[in-house]
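A.B. asks: Below you'll find the structure I mean.
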């Protein structure tokens with residue numbers, strides 16, 4: 001009997017809670033969803049109302065909150081009471097052991113899987129939109145991970161170095177006819193040079209201030225790219241960038257092209273597969289270099305710097321040089337990725353290097369779990385994959401009508417996901433720390449126990 | 001000389017708007033030590049709210065007195081924007097309080113992306129323009145070929161800014177709420193121990209920040225008469241620059257910084273190159289942070305182990 005009464009009290013409380021939320025959401029959504037401003041034929045703004053849409057949303061929020069406070073919140077509270085298991089379960093350690101080899105194998109076999117799974121004709125889309133696109137972000141994420149995850153320097157202008165790489169390749173390849181394989185390292189060097197140039201004055205700053213200055217530099221570089229029309233062609237961008245060749249053999253239908261040389265039938269798919277393996281190799285190089293660097297004095301210094309800058313300085317570590325190397329390394333990998341991006345697209349414009357891009361890469365790093373390479377890769381797959389998936393959701397048109405375009409909600413969902421994941425797991429998906437130096441045995445450290453310095 | 005005087009007037013007008021937004025940055029940073037990245041987009045939303053309120057008043061309710069309409073628009077925009085920022089704080093920042101340093105920043109960046117895209121999806125990506133509300137100007141100096149003018153709009157912006165800053169200054173300096181706010185700024189734990197409701201104070205800080213952003217938004221709409229969903233980012237960064245220049249955490253600093261940024265931007269556009277005016281503003285941000293990180297009126301940062 002008492003149980004039933006308790007249930008009823010819960011329902012009443014949940015209803016009250018949900019009504020409160022509903023009323024608030026009504027007023028928050030009223031101006032922007034309740035009303036729509038449209039431009040009429042005489043170019044004047046007119047107002048229309050959208051009451052059904054507004055009430056649908058308020059209803060959705062009301063019922064969501066009702067279910068949350070009736071069922072989900074007590075369940076969460078109950079779960080929080082349970083003691084946390086001290087040792088990871090056998091299943092988790094099995095996954096932890098075999099996940100990386102499996103993921104590497106999958107990445108290498110992916111083009112074949114795509115061809116067998118989707119057929120020869122539609123495999124192009126799967127390899128290009130999903131494979132290459134995701135790997136570019138994995139690589140950028142790993143590059144930024146050196147700066148943010150290992151050295152603890154918050155960089156909001158990372159895309160600037162990506163832009164330097166892309167424009168270096170585009171301009172040098174178009175104007176001087178250098179090849180992709182020559183320009184790839186050159187773009188990396190130029191980017192890391194810019195990293196040092198921009199890094200030198202700002203590395204005295206810490207935390208949020210450093211983030212804002214790097215943001216300012218990122219924006220300055222983008223604005224210069226827009227306004228320096230003689231060099232960069234401004235908003236119009238640079239088109240007709242030479243595509244990479246297979247070590248000198250071009251990918252085209254001519255007699256000395258790749259397909260004719262190796263006796264294949266000509267298909268644009270071959271270039272895409274080649275590009276896929278190039279970016280895969282670049283990403284692996286990034287990961288490998290990072291893993292090795294973490295074991296070197298400089299990598300140890302980065303991680304020490306992240307944990308406590310003052311302690312670092314008192315132990316005689318040259319913090320400026322340590323930060324500069326992290327900045328330069330991160331910038332170099334962004335430069336590689338940038339020149340690959342330019343070579344793959346054949347067209348670049350300042351549009352591709354906005355702040356949003358920096359924010360995307362940074363959120364991949366933070367949501368993946370700073371410092372964790374697997375986490376960053378998983379976050380890149382989840383984010384870029386999910387946003388690309390929205391393009392494929394044609395069946396939604398049958399539910400919401402023909403003019404429903406899921407891609408326009410891409411960034412909306414992206415922003416919401418950033419907030420939600422931060423609330424759910426502020427430390428990112430893979431949040432435990434693997435120490436690179438240890439006394440007797442290697443133990444993962446829960447993120448709750450680590451504390452970032454002021455980097 | 002005439003050009004200089006005219007640019008001075010334009011610069012102070014623009015600077016007042018930046019200053020009002022900058023107060024929001026500086027207050028939030030002062031109290032929870034977080035760069036509220038979404039503040040520029042909250043400002044943009046307030047411009048939309050003001051636009052919609054203005055259209056309702058003039059086209060549906062047929063209010064012909066522009067002054068009355070603007071007054072109502074100002075109040076409506078302040079209320080709705082404050083409510084929005086209150087909700088944002090509750091949803092996106094409060095759960096992360098006491099979490100690690102980067103979490104609220106990432107959450108705020110996500111919120112910023114969410115807000116601008118929400119407006120894009122709900123109101124469409126095109127620019128929204130309304131005919132000028134206030135016409136008329138005073139001619140201050142007339143040399144035949146170049147007249148220095150002070151338009152009614154600019155005068156309205158100056159006076160509204162001055163009145164609201166006075167009210168706001170009174171709120172922070174003389175009331176119980178202001179005292180609670182300053183206490184939380186100095187030490188949240190101690191403030192809580194002596195009976196200040198920290199959560200409520202932080203919420204109210206966000207509400208005040210949004211109200212001032214809404215004032216800026218209404219004035220922006222009146223001055224330019226056009227807005228789009230992407231108009232939050234650049235004014236946001238410039239207002240943040242103003243807050244940093246004035247010394248983050250310092251309220252008069254934010255206003256002075258805002259006016260300085262407005263002046264730098266207009267003079268740069270007038271004398272050098274209009275294409276690079278944003279570069280000038282961003283460079284000021286970088287230079288200030290590198291050489292004068294405590295700003296003009298700020299306290300130097302003390303490093304503690």
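Computed from the coordinates by the stated procedures, all read-outs in this text should not be read as laboratory data. These numbers come from a predicted model, not from an experiment. Cβ coordinates were reconstructed from backbone atoms using ideal geometry, including for glycine residues, and neighbour counts include every protein chain displayed.
A.B. asks: Please compute, over every Cα-Cα pair in the range A:2-79, the percentage with a separation greater than 16 angstrom.
C.D. replies: Cα-Cα pairs in the range A:2-79 separated by more than 16 Å: 62 percent.
A.B. asks: A further question follows. Exposure proxy check: A:9, A:224, B:284 ranked by fewest other beta carbons within 10 Å?
C.D. replies: On the way: A:9 10, A:224 17, B:284 22.
By the 10 Å Cβ count, ascending, the order reads A:9, A:224, B:284.
A.B. asks: Per residue, how much space in cubic angstrom lies within the convex hull of the C-alpha atoms of the range B:210-291?
C.D. replies: Residue-normalised Cα hull volume stands at 104 Å³.
A.B. asks: Sticking with this one: What are the radius of gyration and Dmax of the protein assembly as shown, computed over its Cα atoms and given in Å?
C.D. replies: Looking at the protein assembly as shown, its Cα Rg and Dmax stand at 27.5, 92 Å.
A.B. asks: Please report the relative contact order for the range B:137-192, taking Cα pairs under 8 Å with a sequence separation of at least 6, and give it as a percent rounded to a whole number. Intermediate results must be reported in sequence, preceding the final value.
C.D. replies: Working: 31 pairs, mean separation 9.2, N = 56.
It rounds to 16 percent for the range B:137-192.
A.B. asks: Using only alpha-carbon positions, what ratio does the radius of gyration of the range A:166-250 give when scaled by 2.2 N^0.38 Å?
C.D. replies: The value comes to 1.33.
A.B. asks: Taking Cα atoms, how many degrees apart are the long axis of helix B:152-174 and the longest axis of chain B, rounded to 10 and kept between 0 and 90?
C.D. replies: Between the helix axis and the principal axis of chain B, the angle is about 20 degrees.
A.B. asks: Which whole-number percentage describes the relative contact order of the range A:2-79, with Cα contacts under 8 Å and a sequence gap of 6 or more?
C.D. replies: With pairs under 8 Å counted, the relative contact order is 37 percent.
A.B. asks: Equivalent ellipsoid semi-axes for the range A:71-164, as square roots of 5 times the alpha carbon gyration tensor eigenvalues: give them largest first, rounded to whole Å. Walk me through the intermediate numbers first.
C.D. replies: Numbers: eigenvalues 224, 128, 51 Å².
Ellipsoid semi-axes (Å, largest first): 33, 25, 16.
A.B. asks: From the Cα gyration tensor of the range A:335-377, with a ≥ b ≥ c the square roots of its eigenvalues, which class applies: rounded if a/c is under 1.5, or else prolate if a/b is larger than b/c, or else oblate?
C.D. replies: It comes out oblate by the Cα gyration axes.
A.B. asks: Averaged over peptide A:421-427, how many Cβ atoms belonging to another chain are found within 10 Å of each residue's Cβ?
C.D. replies: Details: counts 3, 15, 10, 1, 1, 10, 4.
Neighbouring Cβ atoms belonging to other protein chains average 6 per residue here.
A.B. asks: Now, a different point. Quick one: give the max-minus-min coordinate of the C-alpha atoms of the range B:1-59 along each principal axis, largest first, in Å.
C.D. replies: 44, 40, 13
A.B. asks: Now a separate question. Please arrange B:197, B:41, A:255, B:231 by counting, for each residue, the other beta carbons lying within 10 Å of its beta carbon, fewest first.
C.D. replies: A:255, B:197, B:231, B:41
A.B. asks: On to the next question. I need to check one value: relative contact order of chain B, counting alpha carbon pairs closer than 8 Å and at least 6 residues apart, in percent.
C.D. replies: 36 percent.
A.B. asks: Nearest 10 degrees is fine. How inclined is helix B:277-291 to the longest principal axis of chain B, computing both from alpha carbons?
C.D. replies: Roughly 30 degrees between the two axes.
A.B. asks: If you project the alpha carbons of chain A onto their three principal axes, what span does each projection cover, largest first, in Å?
C.D. replies: Per principal axis, max minus min of the Cα coordinates gives 83, 70, 47 Å.
A.B. asks: Between the range A:212-284 and the range B:229-305, how far is it from one alpha carbon centroid to the other, in angstrom?
C.D. replies: Rounded to whole Å, the Cα centres lie 38 Å apart.
A.B. asks: Also: Need one number: convex hull volume per residue for the range B:1-110, Cα atoms only, in Å³.
C.D. replies: Convex hull of Cα atoms, per residue: 136 Å³.
A.B. asks: Give the share of C-alpha pairs in each 10 angstrom bin for chain B, from 0 to the last occupied bin, in whole percents, shortest bins first.
C.D. replies: 6, 27, 35, 23, 8, 2, 0
A.B. asks: Going by how many other Cβ atoms sit within 10 Å of their own, how do B:70, A:215 line up, fewest first?
C.D. replies: B:70, A:215
A.B. asks: Same structure, new question: For residue A:392 and residue A:40 in one chain, what is 0.36 nm times their gap in residues minus the Cα-Cα distance, to one decimal in nm? List each step's numbers first, then the result.
C.D. replies: Numbers: separation 352, 0.36 × 352 = 126.72 nm, distance 3.31 nm.
Residue separation times 0.36 nm, minus the Cα-Cα distance, leaves 123.4 nm.
A.B. asks: Right, here's the next one. Using a 10 Å cut-off on Cβ to Cβ distances, tally the other chain neighbours for every residue of A:219-225 and report the average as a whole number.
C.D. replies: What the average comes to for A:219-225 is 5.
A.B. asks: May I ask for the angle, rounded to the nearest 10°, between helix B:66-88 and the longest principal axis of chain B, with both axes built from Cα atoms and the value confined to 0 to 90°?
C.D. replies: It is inclined by approximately 30 degrees.
A.B. asks: So what's the gap between the Cα centers of the range A:107-175 and the range B:23-44, to the nearest angstrom?
C.D. replies: 33 Å
A.B. asks: Same structure, new question: Taking each residue in B:286-293, count the Cβ atoms of any other chain within 10 Å of its Cβ, then average. What number comes out? Write out the running numbers ahead of the final one.
C.D. replies: Values: counts 12, 3, 3, 9, 7, 2, 0, 5.
Mean partner-chain Cβ count within 10 Å for B:286-293: 5.
A.B. asks: On to the next question. What number do you get for the range A:283-372 when its Cα radius of gyration is normalised by 2.2 N^0.38 Å, N = residues?
C.D. replies: For the range A:283-372, the normalised Cα radius of gyration is 1.29.
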